[in-house]
Amino acid sequence: MIRLAVIAATVGALIAGFGAPGPAGAAPPLTVTPVASNLDRPWDIEVAPDGTLLTGERSGRFVAVLPGGAQRTIRADLSDLFVAGESGLMGLALDRRFAENRRVYSCQAEATSGAAVSVPGSVGSLPLPWPNTGQVINIVAWRVNENWSQMTRERTVLTGIPLRANGRHGGCGLTAAPDGTLWVGTGDNAIPTNPQDRNSLGGKVLHINTNGSPAAGNPNPRSPIYTLGHRNVQGVAIQAGSGRVYAIEQGTDRDDELNLLRAGANYGYKPDRLPIIYDESVPMTDPVRVPGAVGAVWSSGEPTIATPALAFLPSSGWGALNGAVVISSQQGKRLVFITLNEAGNRVVTTSDALADMHGRLRALAVDSDGSLLVGTDNGDDSILRVRPAG
């Protein structure tokens with residue numbers, strides 16, 4: 001135990017300057033208005049060219065919020081959806097040519113056999129290597145009709161993202177890049193070896209073409225893996241102008257992380273210090289046990305605030321927050337705004353907003369008018385529109 005304490009102290013000293021959260025002030029005054037209600041844990045939000053908002057409930061329902069405010073359940077065959085723990089219907093992305101092809105991508109947990117069974121959450125959170133009972137996470141392509149009443153499954157774009165019976169750490173951040181490729185954040189399934197295993201798609205950020213093949217620029221041209229050493233990446237976003245790609249990652253009992261991605265980089269999570277056991281006492285970024293590990297641009301410190309999503313605000317209309325990163329918080333029940341330096345690798349200022357006003361916050365999107373769309377994550381949920389006051 002003394003040796004572990006010494007290692008922990010050494011690692012803490014090494015990573016202290018990597019992504020210190022710094023003091024957080026208050027964001028400028030904001031106005032909040034409801035956009036949609038009576039939702040059940042909407043996981044993601046996408047804005048279509050016609051102004052329709054598309055969201056999906058983790059338990060298995062696509063919902064459209066039409067420009068006039070009407071909500072519509074979109075018929076879709078989700079009979080294979082595997083809903084357990086943190087997993088189910090998760091990340092969404094619109095094809096960059098959506099106006100022409102009406103294509104939507106989803107990241108979803110699916111049963112691969114009728115025998116797939118789940119582990120109850122109270123038991124499934126134990127740090128044990130729970131088995132796979134016949135489930136996987138897939139990236140799926142859908143086509144939605146013109147009046148947003150029906151989605152038809154076209155194909156499975158990518159399969160093989162691992163998932164255990166407890167549904168823990170499924171990740172499933174999904175975003176479409178301007179070049180038409182897809183970025184996918186995955187979770188490590190709470191399996192000790194996954195974050196550092198280059199043969200596993202768990203605990204990674206993936207970069208793929210829309211046919212499922214590895215995108216150009218991946219470190220291994222035969223693999224979809226772009227970065228490794230992650231715990232649970234549920235959000236990926238691209239900074240306009242620079243093209244930099246960032247991922248938001250949920251921490252253990254501390255240090256949620258905002259990471260600037262670089263091809264082949266290892267972000268240093270290695271929870272295999274103990275035999276068999278998923279050891280979450282390790283640092284989120286461990287430069288001692290993972291030489292060359294890349295530190296976070298920002299981290300929450302202690303305790304964790306549970307950060308599932310991020311977005312970049314527009315470059316105008318938000319005053320001092322123009323171009324800032326906004327991060328949602330489930331456990332912290334607030335929004336965190338972060339302004340970065342010109343290089344995008346250091347924090348200049350941080351500020352908080354909506355603390356304890358709307359409960360747990362998850363989904364984020366920027367609407368065409370520059371306002372911020374925020375989805376709550378309480379079980380009786382809403383989509384909110386957030387704007388600077390005045």
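The values are calculated or read from the model by the stated rules, or taken from the named source; none is laboratory data. All of these numbers come straight from a predicted model, not from anything done at the bench. All Cβ positions, glycine included, derive from the backbone under ideal geometry; neighbour counts span all protein chains shown. When the accessible area is computed, the model is the full protein with side chains, heavy atoms only, and any ligands, DNA or RNA have been set aside. Shrake-Rupley method; radii C 1.70, N 1.55, O 1.52, S 1.80 Å.
Using a probe of 1.4 angstrom and keeping all protein chains present, the accessible surface of the chain works out to 39 square angstrom per residue. Between residue 255 and 300, 301, 302, 304, the built amide H atoms are under 5 Å apart, and every one of these is 5 or more places off in sequence or on another chain.
Gain on full extension, evaluated as 0.36 nm per residue between residue 117 and residue 59 minus their Cα-Cα distance, stands at 19.3 nm.
The HN-Hα couplings worked out from phi for segment 232-245 by the Karplus form 6.51 cos²θ - 1.76 cosθ + 1.60 (θ = phi - 60°) are 7, 8, 10, x, 9, 9, 10, 7, 4, x, 7, x, 5, 10 Hz, whole numbers, x standing for Gly and Pro. As a calculated quantity, the FRET efficiency between residue 132 and residue 331 at R0 = 30 Å, using C-beta atoms, amounts to about 0.60. Could you please state how large a percent of the accessible area of segment 288-369 is carbon and sulfur, counting protein chains only and using a 1.4 Å probe? C and S atoms contribute 47 percent here.
Sorted on the mean count of surrounding Cβ atoms within 10 Å across their residues, most packed first, peptides 362-375, 204-217 read 362-375, 204-217. Within the listed set 84, 99, 48, the Gaussian network model of the chain (springs between alpha-carbon atoms below 10 Å) gives the highest mean-square fluctuation for 99. Build a GNM of the chain with springs between Cα atoms under 10 Å apart, and of 153, 222, 346 the one that fluctuates most is 222.
Taking amide hydrogens as placed 1.01 Å from N in the peptide plane, the amide H of residue 171 sits under 5 Å from those of 187, each at least 5 positions away in sequence or on another chain. Spin-label model, residue 40/residue 345: points 7 Å from Cα along the beta carbon direction are separated by 4.6 nm. Comparing mean-square fluctuations of 26, 36, 111 from a GNM of the chain with C-alpha springs under 10 Å, the top value falls on 26. Taking the helices alone, the chain has a mean residue ellipticity at 222 nm of -1500 deg cm²/dmol, built from -39,500 (n - 2.57) per DSSP H run of at least 4 residues and averaged over all its residues.
Per-residue Karplus couplings for segment 356-370, computed as 6.51 cos²θ - 1.76 cosθ + 1.60 with θ equal to phi - 60°, are listed in order as 6, 9, 10, x, 6, 10, 10, 5, 9, 7, 9, 7, 5, 8, x Hz, Gly and Pro entered as x. Rounded, prolate or oblate: which fits segment 94-253, taking a ≥ b ≥ c as square roots of the Cα gyration tensor eigenvalues, rounded meaning a/c under 1.5, else prolate when a/b beats b/c? Oblate.
The HN-Hα couplings worked out from phi for segment 120-129 by the Karplus form 6.51 cos²θ - 1.76 cosθ + 1.60 (θ = phi - 60°) are x, x, 5, 8, x, 7, 5, x, 10, x Hz, whole numbers, x standing for Gly and Pro.
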